[in-house]
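Trainee: Okay, here's the structure, questions in a sec.
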Amino acid sequence: MTEDFNGAKVALFIGADLLITLRDDRPDIPFPNMWDFPGGGREADETPFETMARETLEEVSLVVPRSAVIWEKRYLWSGVAAEPSWFFVARLPGAVASQIALGAEGQAWRLVAPQVYFEMAHTIPKWVDRLRTWTTIAG
C-alpha cells in the first residue's frame, strides 16, 4: 500500500452513528459547504492509513488506531491528478464523542445515522456511493 495515491478518507462510526464534517465555505476548495468525512491529502511518504489517521486527528481531534479499521478499499480518482485514493470505514466507541473538536478546517461536525446521511442534502456524491458500497458488503 505504498504506491502513489493522492489521499484517504474515513467513514468513521462513533458508536452506531457516522461522524461528518461541514467543509469550509470557500470558493478555492473542492466541495465547499458540503458534508464530508474526515481525511485529506497525503504528505511525504505516508501510507494510506497514516494519511487518514493524521487527517482525522487534525480535523476532529480523534486518534484512529489501526485496529479500529473494519474495511478499506483503493479507488481510482477521476479528478485532475487521476491518482488512486483510499476509503476506510472505522469504528470507535460512542464514549469518544466527547473528545471530538474541530481543528483549523471545517465549520461544524455532526453524528448521524447512516440512513440520515444517505438522505441529506449537500453531501459529496462519491462518499455516499462509497459508504453505500460498504453497507452492501457489510450487510
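The values are calculated or read from the model by the stated rules, or taken from the named source; none is laboratory data. Remember, it's a predicted structure, so these values are computed and weren't measured experimentally. Don't worry about glycine lacking a Cβ; one is built from the backbone with ideal geometry, like all the others, and counts go over all protein chains shown. Note: accessible area is taken over every heavy atom of the protein model, side chains too, but ligands, DNA and RNA are not part of it. Shrake-Rupley method; radii C 1.70, N 1.55, O 1.52, S 1.80 Å.
Trainee: Among (i) 17.0, 50; (ii) 13.9, 39; (iii) 15.6, 54, find the value of Rg and Dmax of the Cα atoms in Å that was calculated from the structure presented, and write down its label.
Mentor: Computed from these coordinates, Rg and Dmax of the Cα atoms in Å corresponds to label (ii).
Trainee: Can I ask one more? Can you give me the accessible area per residue for the chain, using a 1.4 Å probe, in Å²?
Mentor: 50 Å²
Trainee: Give the ranking of 126, 73, 9 by solvent-accessible surface, highest area first, calculated with a 1.4 Å probe.
Mentor: On the way: 126 55, 73 80, 9 20 Å².
The ranking, largest first, comes out as 73, 126, 9.
Trainee: Turning to a different aspect of this structure: For n ≥ 4 DSSP H runs only, could you compute -39500 (n - 2.57) per run for the chain, divide by its residues and tell me the 222 nm figure to the nearest 500? Write out the running numbers ahead of the final one.
Mentor: Values: 3 runs with 33 residues, N = 139.
My calculation for the chain gives -7000 deg cm²/dmol from helical runs alone.
Trainee: Using protein chains only and a probe of 1.4 angstrom, how many square angstrom of residue 100 are accessible, to the nearest 10?
Mentor: We get 20 Å² for residue 100.
Trainee: Using only the C-alpha atoms of the range 1-56, find the volume of their convex hull and express it per residue in Å³. Let's see the in-between values first.
Mentor: Values: hull volume 4.8 nm³, N = 56.
Given the Cα convex hull of the range 1-56, per-residue volume reads 85 Å³.
Trainee: If you put +1 on each Lys and Arg Cβ and -1 on each Asp and Glu Cβ, how big is the dipole of the range 1-57 around its Cα centre, in Debye rounded to 20?
Mentor: Working: 5 positive and 12 negative charges, 42 e Å.
I would put it at about 200 debye.
Trainee: Right, here's the next one. Find the relative contact order for the range 2-139 and round it to a whole percent, using C-alpha pairs within less than 8 Å whose residues are 6+ positions apart. Write down the numbers at each step before the final one.
Mentor: Working: 261 pairs, mean separation 45.5, N = 138.
Relative contact order, the range 2-139: 33 percent.
Trainee: Let me ask something else. Of the accessible area of the range 42-132, with the probe set at 1.4 angstrom, what percent is carbon plus sulfur? Mind showing how you got there, number by number?
Mentor: Numbers: 2690 of 4830 Å².
About 56 percent, which is the carbon plus sulfur part of the accessible surface.
Trainee: Under Stokes-Einstein, with the Kirkwood radius over Cα pairs standing in for Rh, what whole-number D in µm²/s applies to the range 48-110 at 20 °C and 1.002 mPa s?
Mentor: Working: Rh = 13.1 Å.
The diffusion coefficient I find is 164 µm²/s.
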